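The values are calculated or read from the model by the stated rules, or taken from the named source; none is laboratory data. Predicted model only: the values in this text are computed from it and were never measured. Counting neighbours? That spans all protein chains shown, and the Cβs are built from the backbone with ideal geometry, glycine included. Remember, those area values only see protein heavy atoms, side chains included, never the ligands or the DNA or RNA. Shrake-Rupley method; radii C 1.70, N 1.55, O 1.52, S 1.80 Å.
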Amino acid sequence: PENKQLLLKQMIADRLLAKKARKLEMHKSSEYTRKVEQLSQQILITDYMEKEIFQKLKPKEIDLENHYNAHLQRYTPKGSEEPLAFEKIKERVMNDYKQAALGTAVQEMLEAEIATKDVQLFMENLNN
């Protein structure tokens, strides 16, 4: 009940602040538009990765066990010499495996896209 009340207060405060910002026409600024475009792009990227890459990662049990064994230190609590049992943390291992595989899949997809398109990277312009 207390958490619901805090959440409700926060939602009301957010709406009131947004209303004040609109009244000041802050939503019409170029800075606002730029931020909305950035957020929109991030949402698109997240959705794409979730639907087109992450969902397609279906590791086999042996893949998870290999990942677990290759990263035992990650699954060993501080002050302990024994890692947590694989079966007890299988979900965590699955998430770690998918995160690692996601990075690889994204990199491969980007390299393939760059290779098939006329894309030129000008590294010296990245610092500007």
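Scan the stretch 32-62 residue by residue and report those that are over 26 Å from residue 104 (Cβ atoms), open to solvent by 80 Å² or more (accessible area, probe 1.4 Å) and not aliphatic (A, V, I, L, M).
32, 34, 35, 37
Enumerate the pairs (first residue in the stretch 89-116 and without any contact (Cβ under 8 Å) to a residue 60 or more places away in the chain; second residue anywhere and among the basic types (Lys, Arg)) with beta-carbon separation below 8 Å, excluding pairs fewer than 6 apart on the same chain, so at least 6 apart or on different chains.
Within 8 Å, the pairs are 96/74.
Condition (residue is closer than 18 Å to residue 99 by Cα and under 14 Å from the mean Cα position of the chain (by Cα)) applied to the stretch 62-76: is it met by at least one residue?
Within the stretch 62-76, none of the residues are closer than 18 Å to residue 99 by Cα and under 14 Å from the mean Cα position of the chain (by Cα).
Quick test of your reading of the structure: residue 89 fulfils all but one of (1) among the hydrophobic types (A, V, I, L, M, F, W, C); (2) under 30 Å from residue 110 (Cα atoms); (3) open to solvent by less than 70 Å² (accessible area, probe 1.4 Å). Name the failing condition by number.
So the condition that residue 89 fails would be (2).
Where residues in the stretch 90-104 are aliphatic (A, V, I, L, M) and more than 15 Å from residue 62 (Cα to Cα), which of them is nearest to the chain's Cα centre (by Cα)?
Once the filter is applied, the top-ranked residue is 102.
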